[in-house]
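Okay, structure first, notes after.
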Amino acid sequence: MLIIKNLKAEIDGKAILKGISLEVKAGEIHAIMGPNGSGKSTLAAVLAGREFVNVTEGSVTYFGKNLLEMPAEERSKEGIFLGFQYPIEIPGVSMVNFMKTAVNEHRKYKGLEPLSASDFLKLMREKKELVEIDSKLANRSVNEGFSGGEKKKNEIFQMAMLEPKLAILDETDSGLDIDALRIVANGVNKLKRPDTSAIVITHYQRLLDYIIPDVVHVLYDGRIVKTSGRELALEIEEKGYDWIKKEVDKKDLS
Amino acid sequence: MPAWANLKIPAIDYQDIIFYAAPKQKASYDNIDDIDPELKKTFDKLGIPLEEQKHLSGVAVDAVMDSVSVKTTFRETLAESGIIFCSFSDAVKEYPDLVRRYMGTVVPYTDNFFASLNSAVFSDGSFCYIPKGVRCPMELSTYFRINSANTGQFERTLLVADEEAYVSYLEGCTAPMRDENQLHAAIVEIIAENNAEVKYSTVQNWYPGDKDGKGGIFNFVTKRGLCRGENSKISWTQIETGSAITWKYPSCILRGDNSTGEFYSVAVTNHYQQADTGTKMIHIGKNTKSTIVSKGISAGHGQNSYRGLVKVLKNATGARNFSQCDSLLLGNQCGAHTFPYIEVDNQTAIVEHEATTSKIGEDQIFYCNQRGISTQDAIGLIVNGYAREVINKLPMEFAVEAQKLLQISLEGSVG
């Protein structure tokens, strides 16, 4: 599905990603962990198509296509969804209107007719139940005045509406209490199909108690320094990141 | 010419302006199908297909082209309920007493430079009178179009709602693209008697000039309503997307006790457009209320100023005003300015003013992009969300068009 090769990227001339290679196959869940400032969010930004990140080297192939050449909205319509670490507020634009525009753009891309108002509202109702989101949120402006937890749940709701092939969740667990965390994780699990994949970016392992990853990567200083199974996450939970940092720094010295 | 506005106005050669131009082949306008195809296209674009007027029954239209009113629809139907809706030139001939009684009572010819100019040279416009106790059964509207080159347009609108009457009135304006600037100096006068209500909406889409600021209409208009009677109400709603320079302050004189004035405005300036617009609410009567909601949108090199006066006179016990002036910026070359004036001479008055300035962020646009929405559509969504409070005040038929117009006029303003 997604093949990243030797990806290097910088922001304002400062190198952030220093050669990342990663392959995500259909059906897999990859967790990307790492200390603050290691480049996790930058990687998500590159995959979603943010323009302030400048890719200097490497390639990203998505279903055989050069992802880096696609504008952000096309990536979305091709099935890439980014759950934002800090969801953006758009005052005056109702969630209904926002989602209706988005869903119909996706449908147009696939050559489908736009949904009628009643079909759309029905779809919204179904998905709201699926992700256990408060129905009142839908009538409010996009993320405006939402609590931290509501914003994150709203991301999962949008994901449910757009049914992505590849979901990238950027620290979706940050700032969530345990109940909200469970709702978010349940949402992700329910939406998972055998042919869809997810990249779960997280600082802590607790989200991975609920979303079970197939592969865990540790990102440090712009590089993937460790890749292993789920047990790696547990080891990090127990020992923190310092032992990995030391290992890497020692290697760099020698 | 007054120089206090926050506008850069190139010198106007008044000798060079044609003050009267009649559309060619006037005779053929008797048949609605014979109207200039360009004009018809304009109406269609604004969702007012003249041809379908007969079936739609929703809107009665007076079309003013250059200096002459070319067509008024539904005149007969309206006459059945005693409503007079016709061109100004017809009104002068057929209802001279009404015209004499009301014309110039709200905007005297000495009012300001452009009011004087208009009073001296105007040749036509729209006239509307709603008799006592009549609720006008349909939307009335006037469409203005400047068609000939080098022509200025100086029309007048006079709208009278007698006691207990109600009318909702809409004006639309368009002009073809021309390299030279053209002057539009109109006067709109509204009078509301006891318990009368007038809702006046404007969708102004005069040619704004090209993206380098060449050409476009100078829209210097004096609009004023007089709430003469008790419990009367005048409400202005304007969507200003066109004109190279917009300079106007649709205002309310709240003379009757318990009268209400409202002003809802969205003004867009893109490329090199300039706007200095707002309102005046003059509280004279007791317990008079006014509401001002102004939403400025600046893009490109556009300069957008809100200028408003809330004046409470000595005897206006219990006067109440709420003003909200928001500015939205797209890009870093444009400007937003707010000049609120508040003069209160009565201690019981309550006057509130709120203002915000915000910018459409790259973050917001990217958020939309990531959900599959193009940048252009994202701007449309965000801008319409921002202006929703005002657009909701428009008659429903026009709200959708106004939304499209906002989006079109901001095309290419980001990215």
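Structure values in brief
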quantity: Paramagnetic reach from residue A:5 in the stretch A:57-71 [backbone N under 16 Å; point 7 Å along Cα→Cβ]; calculated: A:57-69
quantity: The stretch B:170-292, relative contact order [Cα under 8 Å, separation at least 6], %; calculated: 24
quantity: Given charges at Cβ of Lys, Arg, Asp, Glu: the protein assembly as shown dipole, positive-most of A:115, B:290, A:133; calculated: A:133
quantity: Separation in nanometres of the label points that stand 7 Å from Cα toward Cβ, at residue B:324 and residue A:234; calculated: 5.5
quantity: Cα-based Rg of chain B normalised by 2.2 N^0.38 Å, two decimals; calculated: 0.94
quantity: Highest-fluctuation residue, A:56, A:42, A:196 considered, GNM on chain A with Cα pairs under 10 Å; calculated: A:56
quantity: Fraction of the pair-distance distribution of chain A above 26 Å, Cα-Cα pairs, percent; calculated: 40
quantity: Viscosity 1.567 mPa s, temperature 4 °C, Stokes-Einstein D of the stretch B:150-207 from Kirkwood C-alpha radius, µm²/s; calculated: 98
quantity: Values of log10 I(q)/I(0), in the order q = 0.15, 0.19, 0.24, 0.33 Å⁻¹, for the stretch B:366-408 under a Debye, Cα-only, solvent-free model; calculated: -0.38, -0.57, -0.77, -1.08
quantity: Debye, to nearest 20: dipole size of chain B, +1 on Lys, Arg Cβ, -1 on Asp, Glu Cβ; calculated: 800
quantity: Square roots of 5 times each gyration tensor eigenvalue, C-alpha, the stretch B:308-365, largest first, Å; calculated: 34, 11, 5
quantity: Share of alpha-carbon pairs per 10 Å distance bin for the protein assembly as shown, given as whole %; calculated: 3, 14, 21, 20, 15, 12, 9, 5, 1, 0, 0
quantity: Distance in nm between pseudo-label sites at residue B:81 and residue B:8 (7 Å out along the Cβ direction from Cα); calculated: 5.0
quantity: Relative contact order computed over chain B (Cα-Cα under 8 Å; 6+ residues apart), in percent; calculated: 10
quantity: Taking the stretch B:309-415 and dividing mean pair separation by its residue count, relative contact order in percent (alpha carbons under 8 Å, at least six apart); calculated: 27
quantity: Size of electric dipole in the protein assembly as shown: Cβ of Lys, Arg +1 and of Asp, Glu -1, about Cα centre, debye, nearest 20; calculated: 700
quantity: Computed FRET value (nearest 0.05) for residue A:214 with residue B:411, which takes r as the C-beta separation and R₀ as 45 Å; calculated: 0.45
quantity: Ellipticity estimate at 222 nm from DSSP helix runs (n ≥ 4, -39,500 (n - 2.57)) divided over chain B, nearest 500; calculated: -5500 deg cm²/dmol
quantity: Against the rule of thumb 2.2 N^0.38 Å, how large the Cα Rg of the stretch A:11-52 comes out; calculated: 1.28
quantity: Highest-fluctuation residue, A:70, A:99, A:33 considered, GNM on chain A with Cα pairs under 10 Å; calculated: A:70
quantity: Likely footprinting exposure, B:357, A:202, B:338, fewest C-beta neighbours within 10 Å first; calculated: B:357, B:338, A:202
quantity: Cut-off 12 Å between beta-carbons: net charge of the residues surrounding residue B:304, Lys and Arg +1, Asp and Glu -1; calculated: -1
quantity: DSSP-assigned coil residues among trypsin sites (Lys or Arg not before Pro) in the stretch A:74-170, each with at most 13 further Cβ atoms within 10 Å; calculated: A:110
quantity: P(r), alpha carbons of the stretch B:273-415 - 5 Å bins starting at zero, rounded %; calculated: 2, 9, 17, 17, 17, 13, 10, 7, 5, 3, 1, 0
quantity: Cα-centre dipole for the stretch B:283-415 with unit charges at Cβ (Lys and Arg positive, Asp and Glu negative), debye to 20; calculated: 480
quantity: Sites matching chymotrypsin sites (Phe, Trp or Tyr not before Pro) across the stretch B:86-195 that sit in DSSP coil, with at most 15 neighbouring C-beta atoms within 10 Å; calculated: B:109
quantity: Positive-end residue of B:253, B:168, B:130, charge dipole of the stretch B:41-365 with Cβ unit charges; calculated: B:253
quantity: Where N is the number of residues in the stretch B:184-228, Cα Rg divided by 2.2 N^0.38 Å; calculated: 1.63
quantity: At R0 = 30 Å, FRET efficiency that the Cβ-Cβ distance of residue B:92 and residue B:396 yields, to 0.05; calculated: 0.30
quantity: Cβ-Cβ FRET estimate between residue B:353 and residue B:120, R0 fixed at 30 Å, reported to 0.05; calculated: 0.20
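Every number in this text was worked out from the coordinates using simple rules, so none of it is lab data. If you're wondering where the values come from, they're calculated on a predicted model, not measured in any experiment. Cβ atoms come from the backbone with ideal geometry, glycine included; neighbour counts cover every protein chain shown.
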